[in-house]
1. Can you tell me which residue among 255, 281, 266 is over 30 Å from the mean Cα position of the chain (by Cα) and under 22 Å from residue 198 (Cα atoms)?
2. Here are some conditions: (1) hydrophobic (A, V, I, L, M, F, W, C); (2) in contact (Cβ under 8 Å) with a residue 40 or more places away in the chain; (3) touching a helix residue (DSSP H, G or I) at 6+ places or on another chain (Cβ under 7 Å). Residue 252 meets all but one. Which one does it not meet?
3. In this structure, does residue 165 turn out to be in the same structural domain as residue 214 (by TED's automatic domain parsing) and crowded, with 19+ Cβ neighbours inside 10 Å?
4. What number goes with the only condition from (1) modelled with pLDDT of 50 or more; (2) touching a helix residue (DSSP H, G or I) at 6+ places or on another chain (Cβ under 8 Å) that residue 5 does not pass?
5. Residues in the stretch 180-200 that are outside any loop (DSSP other than H, G, I, E, B), crowded, with 18+ Cβ neighbours inside 10 Å and either touching a helix residue (DSSP H, G or I) at 6+ places or on another chain (Cβ under 9 Å) or not β-branched (Val, Ile, Thr) (or both): how many?
6. Determine which member of the set 188, 254, 179, 226 is under 19 Å from residue 153 (Cα atoms), of a type in the set (Lys, Arg) and out of contact with any Phe, Trp or Tyr (no Cβ under 8 Å at 6 or more places or on another chain).
7. Could you list, in sequence order, the residues of the stretch 39-57 that are within 24 Å of the chain's Cα centre (by Cα) and among the small types (Gly, Ala, Ser)?
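The values are calculated or read from the model by the stated rules, or taken from the named source; none is laboratory data. This structure is a prediction, so every number in the text was calculated from the model and none was measured. Neighbour counts run over all protein chains shown; Cβ positions are idealised from the backbone, glycine included.
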Amino acid sequence: MKKIKLKKGKSLEESLSGHTAQVEDKKGVEVAGDSKVGLHLKVFESFLDEGLGSIVRARYEKLKGLLGILTPGEAEILLQASLAYVNEKDPDNIFGEFFRRVIQTSYGAGHNDFEFDLSLFGKDDATPIFALEGKEHPGPKLKIKIKSYALPKDIFIASSYVEAIVEGDVGKNFAYLFKVSNAHIKGKASYGLGHTAVSSKFFVEGDVDHNCGYKSSDCYFDLRGKVNGFCLANKSDHSTFRIEDLSRDYKIGKESRICKFISPNEEVIKSFYDRVPRGQENRIFRELEDGKLQEVTR
């Protein structure tokens, strides 16, 4: 893993006053301490030294005028330069709280189309991408593309008005409390996808684990891989689930109401017919070759 460290000898106050510090990795690549990224790293290190995530919001708001606003490209440099700290001495995810404010400030200044590489984050690491807030209609929504092999858990938790593209797999509870947002996942999804999401759309190309769409409301799940149907759509309300294949069909749609279950696969249709509770205004549809829907009566 790339190891980044700050050269000692300059205080935070001196750095913010225009003095030069340096940030360097093992390969000798340097980021000037008086650059915007360098100053952000210096401030982040000061937060770590104090060890209190609760100070981040108030302190960042006071300092952001001096730090400057990062572009999406500079935000990606900051993310990569901070990895050593995040993985080694940030158990309370102070960086996550700090970094999301960096993104929000950049987006609020008119920047968008962020791209982040989280390939070096482990599946059990705290996520640096959460609680983001885009703009309501007419927007534009906050757009983020992420590259990863196995995203950390809880990514995009409590985010709203976001357009997300993930080039890789996602960890557990992806997009928990997602609101009025869209997610395109080009890999697999672990359990708890879209838990308690509201008015959001999910398109997943790979397999999906259990408890997908739990307590979702007014959401659309288009799942193209094999879905573990255990507790699929449980307690969901006014949501739609388009499923191409099931690896398990136990407790589908338990306590759901006014939901639609769609599939082009007759085996999946049979599972819906047998498992989806009756009497809650749930409906089952067969997707025909021309894309039209044919309701299955029970």
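1. That would be 281, the only listed residue that is over 30 Å from the mean Cα position of the chain (by Cα) and under 22 Å from residue 198 (Cα atoms).
2. For residue 252, the exception is condition (2).
3. On the way: in the same structural domain as residue 214 (by TED's automatic domain parsing): yes; crowded, with 19+ Cβ neighbours inside 10 Å: no.
Considered against the rule, which asks whether it is in the same structural domain as residue 214 (by TED's automatic domain parsing) and crowded, with 19+ Cβ neighbours inside 10 Å, residue 165 comes out as no.
4. (1)
5. Qualifying residue count for the region: 3.
6. Working: 254 fails: under 19 Å from residue 153 (Cα atoms); 179 fails: out of contact with any Phe, Trp or Tyr (no Cβ under 8 Å at 6 or more places or on another chain); 226 fails: under 19 Å from residue 153 (Cα atoms).
Going through 188, 254, 179, 226 in turn, just one is under 19 Å from residue 153 (Cα atoms), of a type in the set (Lys, Arg) and out of contact with any Phe, Trp or Tyr (no Cβ under 8 Å at 6 or more places or on another chain): 188.
7. 53, 54
Conditions (1) modelled with pLDDT under 85; (2) among the polar types (S, T, N, Q); (3) more than 23 Å from residue 132 (Cα to Cα), marked per residue:
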residue: 19; (1), (2), (3): yes, no, yes
residue: 26; (1), (2), (3): yes, no, yes
residue: 30; (1), (2), (3): yes, no, yes
residue: 38; (1), (2), (3): no, no, yes
residue: 47; (1), (2), (3): yes, no, no
residue: 54; (1), (2), (3): yes, yes, no
residue: 58; (1), (2), (3): yes, no, no
residue: 62; (1), (2), (3): no, no, no
